[in-house]
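The next block holds one structure in the form of structure tokens; read it before the comments.
The values are calculated or read from the model by the stated rules, or taken from the named source; none is laboratory data. Note that the coordinates shown come from a computational prediction; the quantities given were computed from them, not determined experimentally. FYI the Cβ positions are ideal-geometry reconstructions off the backbone, even for glycines, and counts take in every protein chain you see.
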Amino acid sequence: MLSGQTISTDRTAVSNVSLELKPTSGATGGDADEEGGANDMDKLAEQAMAELEMALMKMQEQQRETENAQFKETAKKIRQAIEQSPDLKGLEKHLLIDQTPEGLRIQAIDREGKPMYQLGSGIMLPRIKKLVAQIAVP
């Protein structure tokens, strides 16, 4: 809305003028930030996009929580299987199980006085073969 007063040069006549200006660029309600403006459809699209992004973030968080629970359960099953097997008793100290951003990391490591391989060889000792087989099929 544009309005104002006009006064004649001799100051004898005063008139009020009002003029309603309508947007021609698609802007509504005077909330356009730039030429071309934003209309209600743009606002709805932005809102829908924000809702989709929130839903995606929530879904990703739920997926991470599910994976974390599965990783913990898998680690627990591996440890239980080793503890319950008479052949593998005592070998739980050879295992390091931890979670990384890439997934579940399971490491079979040498311990002092309890090697995993025959001395000077690449051949795994039978008890370590059983340990690795147990890890492969929890």
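Data for the structure
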item	result
Answer residue from the stretch 77-89, given it is touching a helix residue (DSSP H, G or I) at 6+ places or on another chain (Cβ under 9 Å) and in contact (Cβ under 8 Å) with a residue 12 or more places away in the chain and is nearest to Gln63 (Cα to Cα) among those	Ile78
Residue match in the stretch 76-92 (condition: among the aliphatic types (A, V, I, L, M), under 31 Å from the mean Cα position of the chain (by Cα) and at pLDDT below 90)	yes
The stretch 109-123 residues that are within 19 Å of Ile97 (Cα to Cα) and in contact (Cβ under 8 Å) with a residue 60 or more places away in the chain, paired with ones that are loosely packed, with under 10 Cβ neighbours inside 10 Å and of a type outside the set (Asp, Glu) (beta carbon under 9 Å, 6 or more apart)	none
Search result, residues across the stretch 82-138 that are charged (D, E, K, R) and assigned to a loop (DSSP other than H, G, I, E, B)	Asp87, Lys89, Glu102, Asp110, Glu112
